[in-house]
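The structure appears below as structure tokens.
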Amino acid sequence: MKKMKLLFKKLVLALALATAWIGLAVPGHADEMDEILKRGELRIAVQTQGPPASFVDKNGKRTGLVIDLAQMMADDLGVKLVIQDYDWKALIPALLAGKVDMIAADMTPSPQRAAQLLFSRPMFYQDTIAFTRTDMPFKTFSDANVEGKTVGTTQASSYGAAAKKFMPKATHKEFAGGTAAVAQAVSAGRVDSGVSDIANINNFVKEFGNLRILDGVLTREPLAFAVQPSHFHLKMWLDNYIELISADRRLDALVQYWWNSSDWEKDHK
């Protein structure tokens, strides 16, 4: 009798699994990729202001590395790119609420974020560094890691986590508005140092005139696009797409232009 019950349970489980697979394999079964193609739009969430990843240039045009990448994706899919601007802390809620198809930002797939979202394979990598004003005595980020000194980071960012790990003695302050707000706070003397990625800070060093980068790299982080946790097809499409544009060097060209050089400044600033 026990063997019969066990056999029955196995048959029920096998039937349930077979039904699930059949449901996935039925022609016309709608998923997120079907919805994007049917809608004719790829909707992305971007950070409101974060050059060179995403920003509004001198001509009033939204541009940057993640914008070019997303536009390339939309063009290859044959759909329109729709861009929605959010503060950094609002990117994940917007995705989880279904307002967009993906987060297109310089976002690190940290363990906490990866517990909520599905991330593509890394698009590119960034070095996390510390910076300060030109009149401060610090030479390295360790010099700024002292009691009584303050360090600023973007609210709910991996930069904040890196600063707390490698600069634990300093007092930490978080700012909404991305790296631009942190750079402004350091420049104005509201905090003694800041932590962000080297590409963004190179830009603000030139813009503000009284900032400089401290020696040493806190972390080197992968950066990826994110989708809802149930959107496996879109995640797999992103991985495949990154493989394709890595092979034909289009990804390398964009990263070199936007992230590893200042070539973009003469065209957009």
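Taking the listed residues 108, 134, 171, 128, the one that is of a type in the set (Ser, Thr, Tyr) and farther than 24 Å from residue 208 by Cα is 108, with no other qualifying. When the residues of the range 50-101 are narrowed to those that are basic (Lys, Arg) and touching a strand residue (DSSP E or B) at 6+ places or on another chain (Cβ under 7 Å), which ends up farthest from residue 181 (Cα to Cα)? Residue satisfying both the conditions and the ranking: 80. For the range 146-175, filtered to residues that are among the small types (Gly, Ala, Ser) and more than 23 Å from residue 125 (Cα to Cα), the residue that is surrounded by the fewest Cβ atoms within 10 Å (Cβ to Cβ) is 148. Within the range 169-205, the set of residues being in contact with a Lys or Arg (Cβ under 7 Å, 6 or more places away or on another chain), modelled with pLDDT under 95 and either of a type in the set (Gly, Ala, Ser) or within 15 Å of residue 64 (Cα to Cα) (or both) comprises 176 only.
So which residues in the range 92-127 are among the β-branched types (Val, Ile, Thr) and modelled with pLDDT of 95 or more, if there are any at all? If the condition is that a residue be among the β-branched types (Val, Ile, Thr) and modelled with pLDDT of 95 or more, then 92, 100, 103 are the ones that fit.
Looking across the range 244-267, the residues that are closer than 19 Å to residue 62 by Cβ and out of contact with any Phe, Trp or Tyr (no Cβ under 8 Å at 6 or more places or on another chain) come down to 254, 265, 266, 267. In the range 184-203, the qualifying residues are those that are in a helix (DSSP H, G or I) and touching a residue at least 40 places away in the same chain (Cβ under 8 Å), and the one that is farthest from residue 110 (Cα to Cα) is 187.
When 213, 242 are checked against the criterion of being β-branched (Val, Ile, Thr) and closer than 15 Å to residue 76 by Cα, a single residue qualifies: 242.
Within the range 101-110, the set of residues being in contact with a Phe, Trp or Tyr (Cβ under 9 Å, 6 or more places away or on another chain) and more than 14 Å from residue 158 (Cβ to Cβ) comprises 102, 104. One residue alone among 264, 258 is touching a residue at least 60 places away in the same chain (Cβ under 8 Å) and more than 16 Å from the chain's Cα centre (by Cα), and that residue is 264.
Within the range 116-151, being in the same structural domain as residue 44 (by TED's automatic domain parsing), part of a strand (DSSP E or B) and farther than 22 Å from residue 178 by Cβ holds for one residue alone: 118.
Taking the criterion of being among the β-branched types (Val, Ile, Thr) and crowded, with 21+ Cβ neighbours inside 10 Å, the only residue of the range 210-245 that qualifies is 227.
The values are calculated or read from the model by the stated rules, or taken from the named source; none is laboratory data. Because the structure is a prediction, the values reported are computed rather than measured. Here Cβ is always computed from backbone atoms with ideal geometry, including for glycine, and neighbour counts include all displayed protein chains.
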